[in-house]
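Scroll down for the structure; my scribbles are underneath it.
The values are calculated or read from the model by the stated rules, or taken from the named source; none is laboratory data. Computed from a prediction, not measured in an experiment: that's the story for all the values here. Here the Cβ positions follow ideal geometry from the backbone for every residue, glycine too, while neighbour counts run over all protein chains shown. The protein model used for the area step is the full one, side chains on, heavy atoms only, and it has no ligands, DNA or RNA in it. Shrake-Rupley method; radii C 1.70, N 1.55, O 1.52, S 1.80 Å.
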Amino acid sequence: MSKLVVLNLGKGDLYKGFPDVTVQLGFPNGPRAMEFRGSLPAAPEIPQLYRNWQILYSALYRYYGWRLRLEIEETNVTNFSEVEFNDLCQELSSIINIWLNSRQFRKIDQKLRTQLNPNEEICFMIATSDKLLRRIPWHLWNFFEDYPNAEVALSSLEPQASNKIYTQENKVKILAIFGNSKGIDISQDKRFLENLSKQAKINFLVEPERKELSNELWEKGWNILFFAGHSYSQETGVLQINKSTTITLDRLKYGLKKAIESGLRLAIFNSCDGLGLAEALEDLHIPQVIVMREPVPDLVAQEFLKHFLTEFSSGQSLYSALRSARKRLEGIEDKYPCATWLPVICQNPLEAPMTWQLHRKMLTTKSFLTILLASFLVTSLVIGVRYWGYLQTSELQAFDHFMQLRSQLVTEQPDERILIITIDEADIQYQMNKGMQMRWSLSDQALAQLLEKLNKYEPRTIGLDIYRNGVVDPKYPNLAARFKEDNRLFFVCKVATTDDDGESDGIPPPSGVSKKRLSFSDFVADDEVIARRQLLHLAPPPTSLCTTKYAFSLQLALDYLHKEGQTSNVTKEGYLQIGNVVFKQLNEHTSGYQKVDASGYQILLNYRSLPSVEKIAEQVSLRDVLDEKIPLESVQLLRDRIVLIGLSAPTNTNDYWKTPFSANVKPKQKQIAGVFVQAQMLSQILSAVLDRRPLLWWWSGWMETIWVWGWSLLGGITAWYYSKPLYRGLVVMVTLLTLFGLCFGIFILAGWVPFIPSALALLVTQVAVISWFRRSHLNKIRH
């Protein structure tokens with residue numbers, strides 16, 4: 001939001017000084033938050049310097065033969081020196097800065113600088129009734145070099161706020177008056193306005209009679225009054241409305257009052273010497289008037305109007321548009337010196353500056369088709385880029401973020417159907433201290449004792465998540481017999497891989513175990529070894545030492561669920577169904593996964609929302625079981641569970657994985673043991689079938705495309721509707737937050753819908769629509 005500074009010079013003049021200077025700081029059309037007081041000394045040299053400047057400026061345009069929007073009077077100046085004129089301009093600038101840097105005023109200057117930001121837009125009003133002070137080029141003050149987004153305005157000493165409530169209209173209504181055009185070309189002004197015909201309702205009056213002009217002022221609803229032609233200021237402002245009629249504004253007082261009451265907010269006099277016109281309208285309490293301080297060359301007036309209309313009608317603030325248009329006149333000051341001195345705005349400080357968006361924007365068919373086409377093209381581009389996998393990394397990161405955020409807002413309980421017996425470094429050392437012969441991290445002796453001890457737990461299913469290729473030590477015949485006969489006991493092997501890690505043929509299962517109780521422990525991991533998918537089935541290659549087709553988690557779940565009376569089968573679509581639950585298979589293009597290797601039967605892994613992934617189930621250590629340190633009451637609570645036996649010692653296994661939660665924990669804890677991921681996978685199947693806990697789902701490709709296109713279309717519409725960068729930025733933020741909230745809300749319901757493609761489509765469409773409309777608008781103004 002722009003700041004408002006009102007420098008009230010009070011009573012006084014440049015010959016006696018200004019003893020009571022006040023500065024008020026606040027916001028347009030709002031209360032003044034601060035007030036500073038000071039004074040300004042006399043500066044009698046400024047009036048004489050400015051009169052000399054006016055004389056040389058008059059001689060300048062006669063010397064070059066400029067076409068002025070003023071009836072030229074003769075002058076006594078016969079000699080003209082451009083060097084002398086430039087020196088006078090520099091002297092005037094120097095004197096103004098010396099005056100405003102005086103000791104009496106310096107305190108105000110310093111306080112202003114402590115309260116203002118050089119990057120913010122500032123409406124800097126000079127409130128004075130002194131005619132000469134209203135003419136001098138205040139923008140030469142060094143203050144405006146340090147605050148480049150500030151613009152000078154003039155104000156009366158005693159402004160009054162109108163009680164007018166400005167209603168919204170479909171279009172800005174402009175009354176454009178073209179007066180006497182003798183010796184000048186105002187057709188360009190008319191063409192610039194005509195190019196706004198689709199954004200504004202314009203009524204052109206060309207050299208009207210006084211009665212015709214008065215009647216039009218009484219028409220309701222004009223927002224802008226525009227005049228081009230000859231004008232000048234003496235005691236008051238004078239307009240030449242046609243070749244034979246010269247009129248002061250007090251002759252149109254009642255019509256102008258009626259127009260202001262009916263919504264007139266801005267008058268633009270693109271003509272010479274208009275400060276007298278501004279004073280007359282200030283007495284009628286019009287909100288804003290734009291005039292030229294001095295006689296203005298024809299080309300300068302045309303260039304200013306072209307740039308001002310371009311900026312203002314494209315959504316820039318009134319002050320920003322005037323500042324930009326005025327500063328762009330610098331490019332022609334080699335031929336028209338001091339062109340940037342001429343335009344000035346006279347503002348009622350009690351009224352908010354007008355905006356072009358005072359009307360309700362109507363979406364025309366052409367604009368809608370443009371937005372529709374842009375959204376269609378952007379959506380096609382985004383979906384195409386997504387299809388080839390270029391958005392997969394960012395979409396998977398968004399998936400991880402949703403998973404992490406869900407675990408913070410939604411808390412689930414550990415799965416009471418599972419018990420995990422962990423084997424860590426202390427357990428390995430325990431076995432060695434007992435003199436057990438170590439072939440793996442779990443010796444045959446320890447395993448035999450463990451299975452014996454587990455009998456009191458009465459487990460429904462036992463899963464050994466440790467590779468045990470080879471034969472059992474002959475010292476433990478009961479263990480070998482149990483491998484063959486215990487239908488509760490399931491083992492793992494590793495399927496052959498194509499990588500060059502020394503285990504390309506896989507790892508075989510233990511000898512003498514029925515194929516019905518064998519399963520593979522292989523995971524499918526994304527980049528950075530993150531486990532987001534669950535592999536249920538695969539076809540091992542012929543060279544594999546592990547020939548089983550089913551995953552460890554699936555085998556354990558099926559065995560447990562079979563005893564619950566739940567059976568499995570394959571649907572006609574080829575999907576796995578257990579009980580009433582269908583496990584939808586991932587394919588090459590599934591939501592955020594694009595161009596992914598979907599071989600085998602894969603599903604998304606819906607981790608439980610827990611404080612930690614390892615908290616999926618109750619855990620006991622191997623040594624506690626062997627030493628029978630588990631209380632009897634706890635043993636009773638652990639009955640009839642699935643017992644998972646696995647390694648948690650990081651130095652004894654490569655079976656460590658990242659999860660979607662890994663980015664949210666300490667570096668050393670980024671990976672977790674595979675047995676906990678297996679428990680998450682096992683729990684997902686059990687919970688889906690027995691607890692109706694939802695599996696992660698996703699939309700079909702065409703539904704996702706419609707979703708992305710909808711957000712793209714919304715981005716285009718908001719870009720069209722909100723012209724101000726601040727409002728547009730706020731709307732973009734709110735829209736993106738809404739999109740995020742919807743995607744996350746759906747994720748809580750186990751749905752994975754496109755967030756990154758939708759956000760990208762929304763932003764790209766906004767940029768495309770803004771660029772197209774801005775270019776189209778500039779072309780209209782230029783042509």
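From the list E311, E279, the lone residue that is more than 20 Å from N348 (Cα to Cα), modelled with pLDDT under 95 and open to solvent by 10 Å² or more (accessible area, probe 1.4 Å) is E311.
Close contacts from region 529-551, counting a first residue that is touching a residue at least 12 places away in the same chain (Cβ under 8 Å) and a second that is among the acidic types (D, E) and not in a loop (DSSP other than H, G, I, E, B), with Cβ to Cβ under 9 Å and a gap of 6+ residues or different chains, come to I530/D400; R532/D400; R532/D526; R533/D526.
Please tell me if V708 is within 15 Å of the chain's Cα centre (by Cα), at pLDDT 95 or above and among the hydrophobic types (A, V, I, L, M, F, W, C). Step through it out loud before you land on a result.
Numbers: within 15 Å of the chain's Cα centre (by Cα): no; at pLDDT 95 or above: yes; among the hydrophobic types (A, V, I, L, M, F, W, C): yes.
It is false that V708 is within 15 Å of the chain's Cα centre (by Cα), at pLDDT 95 or above and among the hydrophobic types (A, V, I, L, M, F, W, C).
A quick yes/no check of all residues on (1) in a helix (DSSP H, G or I); (2) under 24 Å from E145 (Cα atoms); (3) hydroxyl-bearing (S, T, Y):
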residue	(1), (2), (3)
V289	no, no, no
P295	no, no, no
F308	yes, yes, no
Q316	no, yes, no
A325	yes, yes, no
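Considering only residues in region 14-40 that are of a type in the set (G, A, S) and at pLDDT below 90, the one that is least open to solvent (accessible area, probe 1.4 Å) turns out to be G26. Do we find a residue being among the polar types (S, T, N, Q) and buried (at least 20 other Cβ atoms within 10 Å of the Cβ) anywhere in region 283-300? Looking for residues that are among the polar types (S, T, N, Q) and buried (at least 20 other Cβ atoms within 10 Å of the Cβ), one finds at least one in region 283-300, hence yes. May I ask you to verify whether N242 is surrounded by fewer than 24 Cβ atoms within 10 Å (Cβ to Cβ), closer than 14 Å to I186 by Cβ, of a type in the set (S, T, N, Q) and in contact (Cβ under 8 Å) with a residue 60 or more places away in the chain? So N242 passes the test. Note on region 94-145: residues that are open to solvent by 10 Å² or more (accessible area, probe 1.4 Å), under 30 Å from A280 (Cβ atoms) and among the polar types (S, T, N, Q) amount to 1.
Contact map, region 762-776: residues that are under 25 Å from I706 (Cβ atoms) paired with residues that are part of a helix (DSSP H, G or I) and open to solvent by 60 Å² or more (accessible area, probe 1.4 Å), Cβ distance under 7 Å, separation 6+ or inter-chain. Pairs shown: L762/L714.
When the residues of region 518-549 are filtered to those that are small (G, A, S) and open to solvent by 30 Å² or more (accessible area, probe 1.4 Å), the one that is farthest from L695 (Cα to Cα) is A539.
Please go through (1) closer than 23 Å to A531 by Cα; (2) open to solvent by less than 50 Å² (accessible area, probe 1.4 Å) for V732 and return the number of the only condition it doesn't satisfy. Exception for V732: condition (1). What do you reckon, is G751 touching an Asp or Glu at 6+ places or on another chain (Cβ under 6 Å) and within 30 Å of S568 (Cα to Cα)? So G751 fails the test.
Within region 193-217, the residues that satisfy the criterion of being farther than 24 Å from L249 by Cβ and either touching a Lys or Arg at 6+ places or on another chain (Cβ under 8 Å) or buried (at least 17 other Cβ atoms within 10 Å of the Cβ) (or both) are N195, L196, Q199. For region 460-475, the set of residues classified as open to solvent by 10 Å² or more (accessible area, probe 1.4 Å) and farther than 14 Å from R439 by Cα consists of R460, D465, listed by residue number.
Taking the listed residues L350, L372, the one that is at pLDDT below 95, in a helix (DSSP H, G or I) and not polar (S, T, N, Q) is L372, with no other qualifying. Scanning region 550-560 for residues that are open to solvent by 10 Å² or more (accessible area, probe 1.4 Å) and under 17 Å from P509 (Cβ atoms) yields a total of 3.
Selection over region 35-46 of residues that are in a helix (DSSP H, G or I) and within 52 Å of the chain's Cα centre (by Cα) gives a count of 1.
Taking the criterion of being open to solvent by less than 20 Å² (accessible area, probe 1.4 Å) and of a type in the set (A, V, I, L, M), the residues of region 429-458 that qualify are M436, L442, A446, L447, L450, L451, L454.
Out of W66, W53, report the one residue that is at pLDDT 90 or above and outside any strand (DSSP E or B).
W53
Answer yes or no: is there a residue in region 236-246 that is under 25 Å from L309 (Cβ atoms) and among the charged types (D, E, K, R). Within region 236-246 (the criterion being under 25 Å from L309 (Cβ atoms) and among the charged types (D, E, K, R)), the answer is no, since none of the residues qualifies. Just one of (1) surrounded by fewer than 20 Cβ atoms within 10 Å (Cβ to Cβ); (2) among the small types (G, A, S); (3) without any contact (Cβ under 8 Å) to a residue 60 or more places away in the chain fails for S758. It is (1).
Check whether at least one residue in region 561-569 is surrounded by fewer than 19 Cβ atoms within 10 Å (Cβ to Cβ) and closer than 23 Å to T659 by Cβ, and report yes or no. No, that holds for no residue.
With the condition kept exactly as written, say whether any residue in region 397-412 is within 30 Å of G506 (Cα to Cα), touching a Gly at 6+ places or on another chain (Cβ under 7 Å) and crowded, with 20+ Cβ neighbours inside 10 Å.
no
The residue that is farthest from the chain's Cα centre (by Cα), counting only those in region 281-299 that are under 19 Å from I136 (Cα atoms) and β-branched (V, I, T), is V296. Got at least one residue in region 397-414 being of a type in the set (S, T, Y), more than 24 Å from R693 (Cα to Cα) and not in a loop (DSSP other than H, G, I, E, B)? There is no residue in region 397-414 that is of a type in the set (S, T, Y), more than 24 Å from R693 (Cα to Cα) and not in a loop (DSSP other than H, G, I, E, B).
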